[in-house]
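The values are calculated or read from the model by the stated rules, or taken from the named source; none is laboratory data. Please read these numbers as outputs of a predicted model, since none were measured by experiment. Cβ placement follows ideal geometry from the backbone for every residue including glycine, while neighbour counts extend to all protein chains displayed. Accessible surface is based on the protein model in full, side chains and every heavy atom, while ligands, DNA and RNA are left aside. Shrake-Rupley method; radii C 1.70, N 1.55, O 1.52, S 1.80 Å.
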Amino acid sequence: FFLSHHKEGAGAFARLLKLELGSRRKVDGGIFLDSDNLTDLNELLDIVAFKVEMFVLLVTDKVFLRPWCLAELTVSAQKGTHMIAVYFPDCDRPTDEFIHTLPNQVLEIQELARFGLTYSHLQEALTTVQDNRCVVRMSRSLSADAIEDLASIILKQRAGTPQSRQAKIASRLTLAMGADVNSLHVRAHNVCQDRHSETDQSLYVVVDHFNMEAISSALILQRLIPPCSGLQIIPVVLSGRGAVLPTSSSRCLLICSTTSMQDPYVLESILVSVEFDIFTLPIFLSDEFRIPSDKDLAEFSEMSDFTMDKHQALVLAIRATFRTIGVRFWPKEHFTIMKMQVDSIVRRVEAGTGPKRAVTIAGEESKQTPCTVISETESI
């Protein structure tokens, strides 16, 4: 299997899919993910040409603008490798207009010329994507069930299972009617039910439920934390719409993405964590994350019709939450590095505390505070 993706748009999703495929007994070959397996860029296209049985294309909004993603696709198409395209929400096949204007859309293909690839080759490969009928469309809200279903579809495709049988893989799969009569739509399930009956030993993971990369990261932690924990921590991902941290919780991970502080349920969970003194460890997915300023929170409160008291409580809760120094977690890095980051998270959770720093938010009109993290190699 070769997981072709734009790292910015689907790096964590690709990691999660690799973990799921790798857990299946039917996978007797390798699963190529560049973060783990690419050591020499000059060898990349040879790998696609001669060592790939199934080409899995993760279609995000910028994947057809990336020269090396296009190169992978082109070589795969030239070799006739079986391809399955996984479309993210709001993403679709390349249009005729896009293909025709590709030289104006993707300007940097000089590196590809030494491999004999030209714009016409790339354009021809994009037409194969238009014609490809092996399609999966992901719903906007991701879940562990949806990833399991996706892996099942990929494995069935590899085995050459007839389309009629693929529709019966699981009750969570339905045919997507319309032009793509052979495509399958993964219906994501809300993994967050009523969790108030969980014991205080549960580890809750708070995440923006519409950010697929953030949810993918949370689901990766859900998979990797139990084997690393001596306390048998079982993470519960709160990713469904309306999912708020239970007041009975004793600890949680707060997934900090570029959109997390815009999710009202994430902010409600932060309020709960502070009010009920729940240990909360910020997990930073990107250096681009910024602690929201008072101005940011005021604008959000106005849009959400928060009362003045609730707005002030939110400001104080944000200040209290980010006084704890967070931990970096980047699933897009090599598995060994990511595993070290998970180990750091587990140690902090098991300790139930962490180093603090001063955070000033109230009164800041425009300045955003950058996050502070402990890397996987620093002592804690």
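Set the Förster radius R0 to 51 Å, insert the Cβ-Cβ distance between Glu53 and Thr247 as r into 1/(1 + (r/R0)^6), and round the FRET efficiency to 0.05.
Details: r = 50 Å, r/R0 = 0.98.
For R0 = 51 Å, the calculated efficiency reads 0.55.
For segment 224-348, the alpha-carbon coordinates run over 45, 32, 27 Å along the three principal axes, in decreasing order.
Across every pair of non-identical alpha carbons in segment 1-149, the mean reciprocal distance, once inverted, gives a Kirkwood radius of 15.8 Å.
Over all directions, how big on average is the projection of the convex hull of the alpha-carbon atoms in segment 207-275, in square nanometres? All intermediate terms of the calculation are to be shown ahead of the outcome.
Working: hull surface 18.6 nm².
Projected area, direction-averaged: 4.6 nm².
With a cut-off of 20 Å on the backbone N, the residues of segment 1-41 near the modelled label site 7 Å out from Phe98 along Cα-Cβ are 3-14.
Semi-axes of the equivalent ellipsoid of segment 293-343 are 34, 13, 7 Å, computed as sqrt(5λ) over the eigenvalues of the C-alpha gyration tensor in descending order.
Amide hydrogen proximity for Ile291: with H placed 1.01 Å from N in the peptide plane, the residues at 5 or more positions away or on another chain lying under 5 Å are Thr369, Cys371. Straight-line reach from Lys332: which aspartates and glutamates have a Cα under 17 Å away, not including same-chain ones fewer than 8 places off? Cα-Cα hits under 17 Å: Glu8, Glu20, Asp34, Asp36, Glu213, Asp287, Glu288, Asp343, Glu376.
So what is the accessible area of segment 1-130 per residue, in Å², with the probe set to 1.4 Å?
Working: 6020 Å² over 130 residues.
I get 46 Å² per residue for segment 1-130.
Each Cα pair of segment 48-115 feeds into the Kirkwood radius, which the Stokes-Einstein equation turns, at 25 °C and 0.890 mPa s, into a diffusion coefficient of 189 µm²/s. With one equal scatterer per alpha carbon and no solvent term, the Debye-computed log10 I(q)/I(0) for segment 1-77 at 0.14, 0.16, 0.18 1/Å reads -0.42, -0.55, -0.70. Remark: segment 228-339 carries 42 Å² of accessible area per residue (probe radius 1.4 Å; ligands, DNA and RNA excluded).
Expressed as a whole number of Å, what is the distance separating the alpha-carbon centroids of segment 90-152 and segment 1-63? So the separation of the two Cα centres works out to 14 Å.
Starting from segment 82-152, pick out the trypsin sites (Lys or Arg not before Pro) whose DSSP state is loop and whose Cβ has at most 15 other Cβ atoms within 10 Å. Write out the running numbers ahead of the final one.
Working: sites: Arg114, Arg133, Arg137, Arg140; in loops: Arg114, Arg133, Arg140.
Listed in order of number, the matching sites are Arg114, Arg133, Arg140.
Using a simple spin-label model with pseudo-atoms 7 Å out from Cα toward Cβ, Leu316 and Lys7 lie 4.3 nm apart.
Pairs from the list Lys7/Lys310; Lys62/Lys156; Lys62/Lys310 with a Cα-Cα gap above 32 Å: Lys7/Lys310; Lys62/Lys310.
What full-extension length gain, to one decimal in nm, is calculated for Gln78 and Arg24 as 0.36 nm per residue of separation minus the Cα-Cα distance?
Values: separation 54, 0.36 × 54 = 19.44 nm, distance 2.92 nm.
Extra length available between Gln78 and Arg24 comes to 16.5 nm.
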